[in-house]
1. Considering each of 126, 164, 152, 156 in turn, give the residue that is surrounded by fewer than 12 Cβ atoms within 10 Å (Cβ to Cβ) and within 21 Å of residue 30 (Cβ to Cβ).
2. In the list 121, 134, which residue meets the criterion of being modelled with pLDDT under 95, open to solvent by 40 Å² or more (accessible area, probe 1.4 Å) and either in a loop (DSSP other than H, G, I, E, B) or out of contact with any helix residue (DSSP H, G or I) (no Cβ under 9 Å at 6 or more places or on another chain) (or both)?
3. Which numbered condition trips up residue 152, out of (1) over 25 Å from residue 11 (Cα atoms); (2) assigned to a loop (DSSP other than H, G, I, E, B); (3) modelled with pLDDT of 85 or more?
4. If you scan the stretch 21-40, which residues turn out to be open to solvent by 10 Å² or more (accessible area, probe 1.4 Å), in a loop (DSSP other than H, G, I, E, B) and at pLDDT 80 or above?
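The values are calculated or read from the model by the stated rules, or taken from the named source; none is laboratory data. None of the values given here were measured: they were computed from a predicted structure. Positions of Cβ are backbone-derived with ideal geometry, glycine not excepted, and every protein chain shown enters the neighbour counts. Note: accessible area is taken over every heavy atom of the protein model, side chains too, but ligands, DNA and RNA are not part of it. Shrake-Rupley method; radii C 1.70, N 1.55, O 1.52, S 1.80 Å.
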Amino acid sequence: MHSAPQPDVVRREYLLRGVVQGVGFRPHVANVASRHSDHRLVRQRRPARLHRGSGTAEVIDRFMAEVVDTLPPLARVISVTHRQLVPLSDETGFRIVASRHLAGVRTLIPPDVATCADCLADMAEPSNRRYRYAFTTCTNCGPRLTIIEDLPYDRPATTMRAFPMCPACTREYSDPGGPALSRPADQLL
């Protein structure tokens, strides 16, 4: 059973539509959430991005404004809607819920994008594990439209599922706030 929330806490659910699949949106939201410790919970679902947040109205407004104002390079938000939910006091921290397939849902898929400067630098650095690896890509570059087979846009729904990742890449892929976020913010957002 949920306990009673603080009186000034509100809870909202946001739906963001646009190019939000396969463009680094999850790491972006994780990065923004890490700067908003006063925001109690964010959850994302696909194919449109669905966020639930608890906190004061001002806190949630600031958080969502930063999410939309500092999008990753390939992301485009064409509409944002929200609805009020009943506040729950036991929602804490930040988490991203698993994607799920929703029959009949449509979303915009980004085009394939040329390899970015950061990935080219990784490929040129002899000490980098991606040195001379021709298939290096990140959330800011690489194939999208030509590899997707189904929604939600997750690796298992692309032709990449046939190529297992090394343990280090699996850790990076599974951690939205991981090493990829160590690059300067202007290169990520």
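1. Just a single option satisfies the conditions, and that option is 156.
2. 134
3. (3)
4. Just the residues of the stretch 21-40 that are open to solvent by 10 Å² or more (accessible area, probe 1.4 Å), to begin with: 22, 24, 26-27, 30-31, 33-40.
Within this subset, residues satisfying the condition of being in a loop (DSSP other than H, G, I, E, B) are 22, 24, 35-40.
22, 24, 35, listed by residue number.
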